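Colleague: Structure provided below as structure tokens; questions to follow.
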Amino acid sequence: MSKINLLKYINLARLLNAVRQRGIKGAALHGLRRAGTLYERALVGPYFLRINPMGYVCNHACPMCWLHHVPPEELKRQKKKDLEKGMRLGDYRALFDSMPPGLEEVNVVGGGEPLIHPEAVEIMREIKRRRLKGSLITNGTLMKEPVSKALIDMRWDLVRVSVNAGDAETYRVVQGVNRFDTLAANLKTFVRLRQEAGTELQCRLIMLHVIHHENLTTIDKLFAFAEEVEADFIEFEPVIPISPQMELTPDEFRQALEALTACARDSRVPCNIAVVLPQLQVEETCVRENKPFCPAKRCSVGFDQAFITAMGDVFPCCFSDEKMGNVREQAFREIWFGEKYTNFRKRLIQGKFAPYCITNRCSLPGLLHY
């Protein structure tokens, strides 16, 4: 695909949709990002920033998580480093101050559990003070009433809870802990508080279900649980096979496809079936025919978003192992427009994918150009 063919992604329908979603200013900035892809250099800053307050510290022990595959001594060392030397509120304020124009959303997530961070709520308040959209990815077990009330009071935008199970027995297996009742109580409290405050539209609750060996036969229970706690949406995605043993078989992919189709048809809670079904079909074909996974023809992640670790290291995305700089040593603006990031953008927008794009099976529709 030539550069000029990227212009096909700029049409009236897309422009109108961008104005609807982002407003005139946000749409104009996003237009500059897309123009930048033609010149293979950034003209404005990212619209999406992912911060990782706790890189290794978590209160769960999910067998499918990458942390489960870190050697015990290394994990212990990194946890200590997170707690003693990780970024604090002042570091995040400096980070936000150094952003170039264009930032719209900050996603608070963890390699571990972000709500373990002692200043997690204050960091999120800082995001909302700057009139940015805030999204949180959490396992939900630390969302006690004071945390939920704080999120609702600050008009936090979205909470995505990694549930991965619809019953206590499956939850214990896939999460490595016995906290299903705690999670259910927390989610019901969150929904009750936002109803009392009249903020249902601002504080959305999404459930995440990663499909793997241990939970694909209980997808119906996940839908039932989502209805019970009155979640707004369910997101499904296939497990990233960190080890060969985690790879879903073609039969398991088909089983997941059938269960999702049947349950989504009858559920009162909507889900991302239109996105996840094609993804499951592609992955099933790759596994069945032993084909290598190909993300797309090109990727614009270097123009649209960035990922900041608990130590302040900057990566293009959470899959990447290519460090661009550190925000404690340099202003983010300098890193973003620096030579290393520029070279990364040129490579990805030309479709020269890194090995991690393939092994992690990246399928982000907002970034990949087919």
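The values are calculated or read from the model by the stated rules, or taken from the named source; none is laboratory data. Being a predicted model, the structure only gives us computed values, none of them experimental. All Cβ positions, glycine included, derive from the backbone under ideal geometry; neighbour counts span all protein chains shown. Heads up: the accessible areas ignore ligands, DNA and RNA and are worked out on the full protein's heavy atoms, side chains in. Shrake-Rupley method; radii C 1.70, N 1.55, O 1.52, S 1.80 Å.
Colleague: Among the residues of the range 95-111, how many are in contact (Cβ under 8 Å) with a residue 40 or more places away in the chain and under 27 Å from M143 (Cα atoms)?
Modeller: Selection size over the range 95-111: 10.
Colleague: Name the pairs: first residue in the range 52-69 and in contact (Cβ under 8 Å) with a residue 60 or more places away in the chain and closer than 19 Å to D91 by Cα, second residue open to solvent by 40 Å² or more (accessible area, probe 1.4 Å) and in a loop (DSSP other than H, G, I, E, B), Cβ to Cβ under 9 Å, at least 6 apart or on different chains?
Modeller: N52/C318; P53/E119
Colleague: Turning to a different aspect of this structure: Search the range 342-370 for residues being in a helix (DSSP H, G or I) and open to solvent by 40 Å² or more (accessible area, probe 1.4 Å), and hand back the single one that is nearest to M64 (Cα to Cα).
Modeller: T359
Colleague: Can you tell me which residue is modelled with the lowest pLDDT among those in the range 100-125 that are open to solvent by 20 Å² or more (accessible area, probe 1.4 Å) and more than 17 Å from the chain's Cα centre (by Cα)?
Modeller: Result: P101.
Let's see how each residue does on (1) more than 18 Å from the chain's Cα centre (by Cα); (2) part of a helix (DSSP H, G or I); (3) acidic (D, E); (4) over 25 Å from I123 (Cβ atoms):
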| site | (1), (2), (3), (4) |
| --- | --- |
| L151 | yes, yes, no, no |
| W156 | no, no, no, no |
| V161 | no, no, no, no |
| N186 | yes, yes, no, no |
| T189 | yes, yes, no, no |
| L193 | yes, yes, no, no |
| Q202 | yes, no, no, no |
| M207 | no, no, no, no |
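Colleague: OK, next. When the range 68-99 is examined, which residues are found to be open to solvent by less than 30 Å² (accessible area, probe 1.4 Å) and either modelled with pLDDT of 95 or more or closer than 25 Å to G338 by Cβ (or both)? Break it down stepwise before answering.
Modeller: Restricting attention to the range 68-99, the residues satisfying the condition of being open to solvent by less than 30 Å² (accessible area, probe 1.4 Å) are 70, 78, 82, 86-87, 89, 92, 95-96, 98-99.
Answer for the range 68-99, where residues must be open to solvent by less than 30 Å² (accessible area, probe 1.4 Å) and either modelled with pLDDT of 95 or more or closer than 25 Å to G338 by Cβ (or both): G86, M87, L89, Y92, L95, F96, S98, M99.
Colleague: Okay, next question. Within the set of pairs 6 or more residues apart or between chains, which connect a residue that is within 14 Å of D153 (Cβ to Cβ) and small (G, A, S) inside the range 174-199 to a residue that is open to solvent by less than 50 Å² (accessible area, probe 1.4 Å) and part of a helix (DSSP H, G or I) with Cβ atoms less than 9 Å apart?
Modeller: As it stands, the answer is A197/I152, since those pairs meet every condition given.
Colleague: In addition: Would you point out the residue of the range 60-84, among those that are assigned to a helix (DSSP H, G or I) and touching a helix residue (DSSP H, G or I) at 6+ places or on another chain (Cβ under 7 Å), that is farthest from F180 (Cα to Cα)?
Modeller: My answer is L75.
Colleague: Which one of these does L49 not meet: (1) out of contact with any helix residue (DSSP H, G or I) (no Cβ under 6 Å at 6 or more places or on another chain); (2) assigned to a helix (DSSP H, G or I)?
Modeller: Result: L49 passes all but (2).
Colleague: Here is a list: E329, E284, E322. Which entry is in a loop (DSSP other than H, G, I, E, B), free of Cβ contacts under 8 Å to residues at least 60 places away in the same chain and either touching a Pro at 6+ places or on another chain (Cβ under 8 Å) or buried (at least 20 other Cβ atoms within 10 Å of the Cβ) (or both)?
Modeller: Step by step, each of E329, E284, E322 is checked, and only E322 is in a loop (DSSP other than H, G, I, E, B), free of Cβ contacts under 8 Å to residues at least 60 places away in the same chain and either touching a Pro at 6+ places or on another chain (Cβ under 8 Å) or buried (at least 20 other Cβ atoms within 10 Å of the Cβ) (or both).
Colleague: Go through the range 287-312 and give me each residue that's of a type in the set (D, E) and surrounded by fewer than 19 Cβ atoms within 10 Å (Cβ to Cβ).
Modeller: Selection gives E289 alone.
Yes/no matrix, rows are residues, columns are (1) under 28 Å from H68 (Cα atoms); (2) at pLDDT 90 or above; (3) open to solvent by 10 Å² or more (accessible area, probe 1.4 Å):
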| site | (1), (2), (3) |
| --- | --- |
| T218 | yes, yes, yes |
| F225 | yes, yes, no |
| F236 | yes, yes, no |
| E247 | yes, no, yes |
| Q255 | yes, yes, yes |
| P270 | no, yes, yes |
